[in-house]
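One structure is given here, and the rest of the page talks about it.
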Ligand code: GLU
């Protein structure tokens, strides 16, 4: 059974790069009928950020990537937080110590750093020199007596290490280049490479799909698997997601956290679709793919090594595509939540807004200007509005429109449009002369969505009331008043 995992460090919220990793792990697990595990790698406690685990979980839920096992989902292979697994790492390190695959090292971090600095300055060797690898028990006893704490170091034997990456194929590195590796720090915390192997092993992970940044860690991890008597899982390193225009992903470079995309009202399926396609493409050439299509089609062998760049316009476009394909109900709910506390449209207005906006918005935030224009009472006292309504023919335009719309059987967009055009013909007016007074009466502005759509959203009564008020102002102008 396929078991994949997503192993974020809770150092902040998810950005598009990590999210892409989660998406591929989830898709592959779903396609294979396997399990998707979420494990938090928080051994670096100084870097852990309060609330980040919850934020990451929220972002995963929003994208619809429910874990089968994990901190918030439970499961039989927990705990799913590394800081709660310290005892497990210690036991495994003890085992390697007992088998002579590892040894205790009494060098302090300061000494190690000083040696490395010296080596760098003299272009020397920065690897650990192995000085603790052959200590006698008397020597070790002396070091302990002098108050030194021991870390645990894994012996890396010289010789070629073979490892395999699904994207890059067979790879090798010379063990000699690595030097002996710390697996347990003197304070008992594991190093990343060791913890990840112990966890993936005990959690039965079959496919490690992660960012290319971890490719260089893989040979070390492969050694640990072998020492623990296990066969390594399959490794697949995803190309790095780059910021728009290239360069590292960061907030500044135009890559906000996932929850900010939620805030902006991106369609989660659109984002899922986008993140999937960052690394592979459908053989059909189709770009707009549903969740089910993505699951059916994801293909690890179609993942290339080139680093994809975020294309914000394409991401917005895909979000819009998913709104178009979505039932109006979903957009209606989204709009209601988004407008809460700002506007309280009637149920019919909300529905009409959703119907109209479904055809034009890419993200929910695009609805803001439309709602702000259409929903509040129009301000007819601005100088622009006054100017338009005082045009000599404004009254005629408004009267014709009001008369024709009043008689409509059904308040449909098609009929509103037809009757509006007929009113213009009847009044003998066109262009701005005709449309500007109507627009201003309905919204107070001369720009905005199509006039029939505005009326459709407002509904029969509100439209009639606004046209009537506009007419009052226009008639004032006709009399040459005030
Ligand atoms: N915690 C690691 C990271 O956030 C992931 C390690 C892994 O996937 O092996 O980069």
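Restricting attention to the range 201-217, the residues that are under 23 Å from residue 35 (Cα atoms), more than 9 Å from the ligand (Cβ to nearest atom) and part of a helix (DSSP H, G or I) total 3.
The residues of the range 50-60 that are under 22 Å from residue 195 (Cα atoms) and either near the ligand (Cβ under 10 Å from one of its atoms) or in contact (Cβ under 8 Å) with a residue 12 or more places away in the chain (or both), listed by number, are 52, 53, 56, 57.
Against the numbered list (1) away from the ligand (no atom under 16 Å from the Cβ); (2) within 36 Å of the chain's Cα centre (by Cα); (3) in a loop (DSSP other than H, G, I, E, B), residue 167 comes up short only at (1).
When the helices (runs of 4 or more DSSP H) confined to the range 362-434 are screened for residues that are more than 26 Å from residue 479 (Cα to Cα) and touching a helix residue (DSSP H, G or I) at 6+ places or on another chain (Cβ under 7 Å), those reaching at least 3 such residues are found at 367-374, 413-427.
Taken over the range 333-348, the residue count meeting the criterion of being under 24 Å from residue 322 (Cβ atoms) and either touching a strand residue (DSSP E or B) at 6+ places or on another chain (Cβ under 7 Å) or in a helix (DSSP H, G or I) (or both) is 7. Kindly indicate whether any position in the range 174-192 is surrounded by fewer than 21 Cβ atoms within 10 Å (Cβ to Cβ), under 27 Å from the mean Cα position of the chain (by Cα) and without any contact (Cβ under 8 Å) to a residue 60 or more places away in the chain. No, the range 174-192 has no match at all. If only residues of the range 237-249 that are surrounded by fewer than 21 Cβ atoms within 10 Å (Cβ to Cβ) and either free of Cβ contacts under 8 Å to residues at least 40 places away in the same chain or under 21 Å from residue 195 (Cβ atoms) (or both) are counted, the one that is nearest to the ligand (Cβ to nearest atom) is 248.
Of all the listed residues (30, 5, 20), the sole one being part of a strand (DSSP E or B) and modelled with pLDDT of 95 or more is 5. Note on the range 218-231: residues that are more than 14 Å from residue 93 (Cα to Cα) and not in a helix (DSSP H, G or I) total 2. Looking only at residues of the range 170-192 that are more than 24 Å from residue 42 (Cβ to Cβ) and either in contact with a helix residue (DSSP H, G or I) (Cβ under 6 Å, 6 or more places away or on another chain) or not in a helix (DSSP H, G or I) (or both), we find that the one that is farthest from the ligand (Cβ to nearest atom) is 174. Restricting 195, 230 to residues that are within 14 Å of the ligand (Cβ to nearest atom) and over 25 Å from the mean Cα position of the chain (by Cα) narrows the list to 195. The residue of the range 148-161 that is farthest from residue 228 (Cα to Cα), among those that are touching a residue at least 40 places away in the same chain (Cβ under 8 Å) and in a strand (DSSP E or B), is 151.
Checked against the criterion of being in contact (Cβ under 8 Å) with a residue 24 or more places away in the chain and closer than 20 Å to residue 278 by Cα, the candidates 73, 29 yield just one match: 29. One residue stands out in the range 36-49 among those that are at pLDDT below 90 and away from the ligand (no atom under 11 Å from the Cβ): the one that is nearest to residue 89 (Cα to Cα), namely 45.
The residue that is farthest from residue 40 (Cα to Cα), among those in the range 87-140 that are part of a helix (DSSP H, G or I) and in contact with a strand residue (DSSP E or B) (Cβ under 7 Å, 6 or more places away or on another chain), is 140. Evaluating residue 14 against the criteria (1) modelled with pLDDT under 95; (2) in a helix (DSSP H, G or I); (3) within 14 Å of the ligand (Cβ to nearest atom) leaves one unmet condition, (2). Of the residues screened, residue 3 is one that is away from the ligand (no atom under 11 Å from the Cβ), more than 13 Å from the chain's Cα centre (by Cα) and touching a residue at least 60 places away in the same chain (Cβ under 8 Å). Taken together, 65, 97 contain a single residue that is touching a helix residue (DSSP H, G or I) at 6+ places or on another chain (Cβ under 9 Å) and either loosely packed, with under 14 Cβ neighbours inside 10 Å or within 28 Å of residue 7 (Cβ to Cβ) (or both), which is 65.
The values are calculated or read from the model by the stated rules, or taken from the named source; none is laboratory data. Model, not experiment: these values are computed from the prediction. Heads up, the Cβs are rebuilt from the backbone with ideal geometry, glycines too, and the neighbour counts pull from every protein chain shown.
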